[in-house]
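A short worksheet on the structure shown next.
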Amino acid sequence: MSKKYLIKRLIQVLIVLFGISFFTFGLTYLSPGDPAEIMLTECGNIPSPELLEQTRIELGLDKPFLVQYGRWLRGVLAGDMGMSYSMKMPVVDKLVQCFWPTFRMATMSLIIMIVISVPLGIIAAIYQNKWPDYFVRVLTFLGVSIPNFWLGLIFLSFFGVKLQWVTVSGGRTDFKGLILPAVTLAIAMAAKYTRQVRVTILEELHQDYVIGARMRGIKECTILWRHVLPNALLPLVTLVGLSFGSLLGGTAVVEIIYNWPGMGNMAIKAIACRDYPLVQGYVLWIALIYMGINILVDLSYAYLDPRLKEGR
């Protein structure tokens, strides 16, 4: 991958981030409610008109929109996204605090998903239109059809209430508290990826190089593991990257069910409290994660498929 291409992608990322930041700040600016009043009433007091006006001046809310946006953008470039109204702490600190639990959950979910989907997809492709294929397709149909929130509630009822292996109140970030949210997320993803693995494996098995390898007497297992699988899994890198970015954004429903202190749970609470600085920081944070993962996926292509280096 050439430096010219990488610089071009970085410029695109900066333009997209600028557009997202402007759009998000504009929406929060136009949204109902007075940020100064929200911040003061969080303490449980009814602020006087004089205190409200003084707070607006201190926060710069008496300035025009572009002036407020420019001040906020300068702070963001300096690593300061403002103070959270509801949490009474810097937005950056709150984002970092909630990011690591979500990162652990997302990583565990991807690992479980890959362990499930890749073997099942290979089995379904090898035994196409036979009973293992039909069995795997039924499993994937069920996995796609079951909602995450319903599955999470069933897991809590069975493992938390009946077996008492986990606490129903949640809030734990150790392995015992991590496994159920990760499995809940992984099941739906595994169903979709199993189908994708099956389709890509079947496409590769009908390629000319596979037919030629069979005619030369190469064993089926060698063809599958050394030739078919590397070529078939390459398109899945993009899907895995996007899924990882989505998980890092926080899966709000699952995090709320298990009371997981992650990004999605934080975002829902920030929206409910009309915590505008935290919402703005969250949107910009997620956009940055998505852009970064897309660049990493592009970089990985050059190493996974050397032919792409010549096309850059």
If I stretch the segment between VAL115 and VAL96 completely, what's the gain in nm (0.36 nm per residue apart, minus their alpha carbon distance), one decimal? 4.0 nm
For VAL166, VAL115, what's the fewest-to-most ordering of other Cβ within 10 Å of each Cβ? VAL115, VAL166
Nitroxide proxy distance, nm - points 7 Å out along Cα→Cβ at VAL199 and VAL67: 5.4 nm
Taking 0.36 nm per residue of sequence separation and subtracting the Cα-Cα distance, how much length would be gained by fully extending the chain between THR222 and PHE103, in nm to one decimal? 39.2 nm
Just to be sure I understand the model, the point goes 7 Å from the Cα along the line to the Cβ. What's the resulting GLU37 to LYS162 distance in nm? 5.0 nm
Relative contact order of region 69-153 (C-alpha contacts under 8 Å, at least 6 apart) in percent is 11 percent
Excluding ARG137 itself, calculate the net charge of residues whose Cβ lies under 14 Å from the Cβ of ARG137, where each Lys or Arg counts +1 and each Asp or Glu counts -1. +3
Selected from ARG104, ARG226, ARG198 as most flexible by GNM, with the chain as the system and alpha-carbon contacts under 10 Å: ARG226
How much FRET efficiency would the formula 1/(1 + (r/R0)^6) give for LEU27 and LEU51, where r is the Cβ-Cβ distance and R0 is 30 Å, rounded to 0.05? 0.65
In straight Cα distance, which lysines are under 17 Å from LYS269, not counting same-chain residues fewer than 8 positions off? LYS88, LYS94
Peptides 230-243, 262-275, 145-158: what's the order by average Cβ count within 10 Å, highest mean first? 262-275, 230-243, 145-158
Candidate lysines for bridging to LYS4, where Cα separation is under 26 Å - those fewer than 8 sequence places away on the same chain excluded: LYS309
If each residue's Cβ is checked for other Cβ atoms within 10 Å, how do GLU37, GLU58, GLU220, GLU255 rank with the fewest at the top? GLU58, GLU220, GLU37, GLU255
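So if we plug the beta-carbon distance of ALA78 and GLU58 into 1/(1 + (r/R0)^6) with R0 = 22 Å, what FRET efficiency do we get, rounded to 0.05?
Numbers: r = 19 Å, r/R0 = 0.86.
Approximately 0.70, to the nearest 0.05.
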In which sequence would TRP260, TRP131, TRP72 go, from the one with the fewest C-beta neighbours within 10 Å to the one with the most? TRP131, TRP72, TRP260
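Read the figures in this text as sums done on the coordinates, not as results from a lab. Remember, it's a predicted structure, so these values are computed and weren't measured experimentally. With ideal geometry, Cβ positions are generated from the backbone for all residues, glycine too; neighbour counts draw on all protein chains shown.
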